[in-house]
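Only one structure is covered here, and it is reproduced in the block below.
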Amino acid sequence: MNPALDQDPEPSTPAAHAASAHAPAPVHAPAHAPAADWREPLLPAPVLIVEDEPLMQRRIHTLLTQFGYEPDALVFAGTFAQAQACIAAQPHALALVDIELPDGNGVSLIEQLRADDPGLSILVISAWSTEDVILTALRAGATGYVLKERDDIELSLAIRSVLRGGAPIDPFIASRILELLHSPVSTPGHVDAGVLSPREGEILQLVSQGMTNREIAQALFLSKHTVECHIKHIYQKLAVSSRTKAVFAARSRGLLA
């Protein structure tokens, strides 16, 4: 026999009745309670934000704090040099990068970040919407690309997607990529002799001004590798083997002023 079952229940006392009478009634949540905020349960930190415009910095800061980030988890860099110093100081779990910076371009930073951490999520938030810049950033290792002109809700959705492992692409950019995919495909390795593309003409013009590949990359917001590929095609099209000969050949054919 279990002794516990034979025990009489404890006598009810006036104090017990009083405590029960004054205990707060349970509070039941409404059946359709609204979501509290944008907060994510797991937030990768620290976050590197490479952006030189104060207004945009404040926008991004506000959006990230709405997700639940503490201010000390956000690392802001307003220049290419500051961003490199931040990268050297510590690893980052997420990067939001602008393309145009006062002293360099974000594509080179994306390449550096991707080389340091192949699994890093990198979202470009930029005003640049030209085909070359977009594709160069994505090839350099950007996880997603969204335009600054989007409102806060759209930017929040893009950031949320990155936080959840997605690869958000701005609708305008997505449509441009689809157009490229649907355009006729040229034969691999084929180069039209003597015909320079607008971008190649632009690069050759800068070559004629004595600019190096790195300086051209910074001026046009391209990666150094992309500039080198364009110059290689210029050499092939003009049947030359040096920068000086390329400039001379282009001028003799009326391709350069």
* To do: With an 8 Å cut-off on Cα pairs and a minimum separation of 6 or more residues, tell me the relative contact order of segment 200-257 in percent.
  => 35 percent
* For ARG150 and THR62 in the same chain, what is the full-extension length gain: residue separation times 0.36 nm, less their Cα-Cα distance, in nm? -> 30.2 nm
* Assuming 1.002 mPa s and 20 °C, estimate D for segment 32-131 with Stokes-Einstein, Rh taken as the Kirkwood radius over Cα pairs, in µm²/s. => 151 µm²/s
* If packing is taken as the mean number of other Cβ atoms within 10 Å per residue, what is the order of 97-106, 137-146, highest first? -> 137-146, 97-106
* Asked: Placing +1 at every Lys and Arg Cβ and -1 at every Asp and Glu Cβ, with all other atoms neutral, what dipole size does segment 198-252 have around its Cα centre, in debye to the nearest 20?
  -> 140 debye
* How large are Rg and Dmax for segment 198-252 when only the alpha carbon atoms are used, in Å? -> 10.1, 29
* May I ask you to list the lysines whose Cα is less than 30 Å away from that of LYS237, ignoring any residue fewer than eight positions away on the same chain? => LYS224, LYS245
* Of THR130, THR136, how do they rank once you tally other Cβ atoms within 10 Å and put the fewest first? -> THR130, THR136
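Computed from the coordinates by the stated procedures, all read-outs in this text should not be read as laboratory data. Quick caveat, the model's predicted, so the values are computed rather than measured. Note that each Cβ is placed from the backbone with ideal geometry, even for glycine, and that neighbours are counted across all protein chains shown.
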